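First comes the structure, then the notes that go with it.
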Amino acid sequence: MAKSTPTPVYDDQGRELIVKVENLQKYFGRNHVLKGIDLEVFKGEVVVLIGPSGSGKSTFLRCLNFLEDPTTGEIGIGGVHVTCGSHGGTFKKDVHQIRMKCGMVFQEFNLFPHMDATENVTEGPILVKGEKKAAAIEKAHELLRKVGLGERMDFFPSQLSGGQKQRVAIARAMAMDPVLMLFDEPTSALDPELIGEVLKVMKDLASQGMTMIVVSHEMGFSRDVADRVVYMDDGYFIEQGPPSEVFFHPKDDRTKRFLRHILPEKEPEHAKELGILEVDQELPAPDGPPAGSDASDDLAPDGRRVPLQGPAGAALNEDNLADTAIPEVPLSNGPMGETPLPPGDERL
Amino acid sequence: MHRRAGFASIGLFAALLALVLTALAPVALASGEASPSPSASFQAPQGTPVVLGVIPDPSGARTKWSGDQININLNLNGADLDPAASILTVDGEEIVLSTPASMIELSPGNPTLLMKWNEPVFAEGDFMFDVALFDTNGQPLQVYDERDGKTADTYSWEFKSEGEATGGSLINTEVMRKWFWYIAAGAIVTVELTVISIVLACIFALLGSLGRLSKKMTFKQAWDRYQSKEYMFRMVLGRIPYWVATFYTSLFRGTPLLLQIIVIYQGVPEFIKAFGLPDTYNPPAFWSGVAALSLNYGAYLTEVFRAGIQAVPKGQNEAAWAIGLSGWQTQRRVVLPQAFKIVIPAVGNDFIALIKDTSLVSVITVEELLRRAQLAGASSLNNFSTLLVAAAFYWALTIFFSFWQAKLETRMARDKAREKEKGKK
């Protein structure tokens, strides 16, 4: 009834509510991965999820378009509402509706290797939306030009570099005219010199007002583009706020510890600018949802990295054993997105 | 090197094919001759009491007879010769029959049947004997002679023997040449069996593998997840393809192919009769063979296809779902095209193996290579020579198809390499 024609909800700036997640929980067997997550995202917002491996970032993202079946909770995206844990025809139809409203970009690109770039992009519109082939190809070409692949529209994925593949993947997701774009570590599988081109496309998307949820440790990108940064750990949203708050004035100990981990030794000045490099000793790992205590007094004037013991309080399970190490992502000072960037400086 | 082998195989096969095609007409003639134990029966005009025929061919056209017996066919207007009512003599000696019979075998190796022939019958020379029938009172019965269309007391038969025929030397090129076309026609049947069976096997394998992969979670997991009887009921229905596919692969991989061939050929008519359908139904041997071969190979290929589908990265499914493709669209457009590429080498392998396994259907009288070689061997008395011809055909077919299989695979590899090169520039 009201499902199909919901009353739009707006925030104080008049932006439409695109994503509403209530008490989302996910178990893998007995392993409790998401422990009750609430999230509201308004139109045009860019939300960046950070957090250690196994904290549930990717799982949360994949739950949003039901690549993982959430155990319980409510998910509403673009006016389609689904109660998780149900089944049957209506559930399937709603999930399909949500998937059509979400574009998703994967860490491993997942392009269809037996189709060229254009076919990859037109597959969804033709099969799912029933668009005319000629119109779909026209639109695909336009999208591919937009992501800077006007020259390679008939190339097969095996003929493209990682960065080019990821840009095709973004075009493929955009071809379905999504209201929300989900990025699952889109640059983690890329060679460092290829990361910049993908981030630039994402930045362009954001500047055009696309609503985005991004799992990424590209701190420069987050700082420049994100409206909100969410630190996630042990299946909870520990802390969220504008990047200036979360990066420069983290409140929770675990956030501080995490940020300290992912800062490279090589950039102590920037780290100092962020005000989190004076940490020396292990901070006590609090349990449960955000504690909010300010432990900056405990920080010592030393830039040494603390060996990673595993995410605080997070049980390592089969799903995250493969990548227990947090990717060491350099945090650089350079502005993001100006092209062309010198190699090595493209990634921010 | 590779290329030369390829040309040689193409040339060889083209030659075989041409020979086989031109041989199709003579085949009919050859197959009439091939029957190893020919028999003739003589139709009598209406009302004649006793009709009697004798083989070997009494016309004398075939004088080089090497069979070890003579068959006398009796046609007593549809009834058997009853030993209690009539007595059969050959050259005046009574043939003692213990049961009613319509065909009497006179064997030189069995002197109780014909005492006077206790030495090899058909040594070189002229032979003649008279066959006669008497009733229990010793009165002769009228015997119909087809050759002159008259009835008489006795049936006289004479023929000239050129002596005992043999198959000649172990490898007899004359025999090989004589029976080459006859066996070559069997090669066509073999190829037909192979191609039709592998196509059907792939269809069975596709359905079987999708069935095998349709199980997503256990019943316990589903119950823990949804706690819904309605869901469980639908899940039981949805599990049927999995059960069917599992039963199918288990059964056909767990029993011998030869047994499957025989059971399908002989069991299907019984099955049909059991359901009250016309009991005159006889299954065509060829299609029974195709059914057995394709079901058996389909079971093996099911596992190959299943592995191929599972070898497609899970991310491909997820990417397809993420752009809104349904489950079936995902399979059809994304997973299966990639899976097919993965399984091509394995299917090629099974195709080569199937060429040779088709020989098993010779046991249900399908006249493919082996069966024809056996028939020709029986007729020519030189099994070894004709079987060698069949072996050569199998080998040639295998080389030919292996060549194309290798070519297909190298081409796939080359395409990949070329794509990579193009991507680099």
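The values are calculated or read from the model by the stated rules, or taken from the named source; none is laboratory data. Keep in mind the model is a prediction, meaning the values are calculated, not measured. Cβ atoms come from the backbone with ideal geometry, glycine included; neighbour counts cover every protein chain shown. Surface accessibility is based on the protein's heavy atoms, side chains included, excluding ligands, DNA and RNA. Shrake-Rupley method; radii C 1.70, N 1.55, O 1.52, S 1.80 Å.
Surface analysis of region B:338-385 yields an accessible area of 38 Å² per residue, using protein heavy atoms and a 1.4 Å probe. Panel note: contact residues of region A:59-84 (accessible area lowered by at least 30 Å² against the chain on its own; 1.4 Å probe) correspond to A:62, A:67, A:69. Under a 1.4 Å probe, what is the accessible area of region A:74-227 per residue, stated in Å²? Normalised by residue count, the accessible surface of region A:74-227 is 35 Å². Per residue in region B:316-330, which ones lose no less than 20 Å² of accessible surface when going from chain alone to all protein chains (1.4 Å probe)? In region B:316-330, residues shielded by partner chains: B:316, B:318, B:319, B:321, B:322, B:323, B:324, B:325, B:329.
Using a simple spin-label model with points 7 Å from Cα along the Cα→Cβ vector, what separation in nm is obtained for residue B:409 and residue B:170? Here the modelled spin labels are 3.6 nm apart. Using the Cβ-Cβ distance between residue B:253 and residue B:226 with R0 set to 41 Å, the FRET efficiency works out to roughly 0.75. Applying 1/(1 + (r/R0)^6) with r as the Cβ-Cβ distance of residue B:217 and residue B:82 and R0 = 60 angstrom yields a FRET efficiency of 0.20. Annotation for the B:A interface, with buried accessible surface near 2500 Å², both sides summed [1.4 Å probe; non-protein components not counted].
Taking only protein heavy atoms and a 1.4 Å probe, the accessible area of region A:10-141 is 48% carbon and sulfur. If R0 equals 25 Å, the separation of the Cβ atoms of residue B:135 and residue B:378 corresponds to a calculated FRET efficiency of about 0.05. Residues of region A:140-188 whose accessible area, computed with a 1.4 Å probe over protein heavy atoms, drops by at least 40 Å² once all protein chains are present relative to their chain alone are A:158, A:159. Normalised radius of gyration (Cα atoms, divided by 2.2 N^0.38 Å) for region B:314-385: 2.05. Peptide packing for B:236-247, A:173-184 was compared via the average number of neighbouring C-beta atoms within 10 Å per residue; ordered from the highest value, the list is A:173-184, B:236-247. Annotation for residue B:192 and residue B:270: the two label points, set 7 Å from Cα along the Cα-Cβ direction, are 2.8 nm apart. Remark: region B:244-335 carries 49 Å² of accessible area per residue (probe radius 1.4 Å; ligands, DNA and RNA excluded).
Each Cα pair under 8 Å and six or more residues apart adds its sequence gap; the mean of these over the residue count of region A:8-109 is a relative contact order of 25 percent.
Counting pairs of alpha carbon atoms under 8 Å apart in space and at least six apart in sequence, what relative contact order in percent does region B:297-366 give?
40 percent
With the gyration tensor restricted to C-alpha atoms of region A:1-86, the semi-axes of the equivalent ellipsoid amount to 24, 17, 9 Å, longest first.
Note on region A:192-264: with neighbouring protein chains present and a 1.4 Å probe, carbon and sulfur make up 52 percent of its accessible heavy-atom surface.
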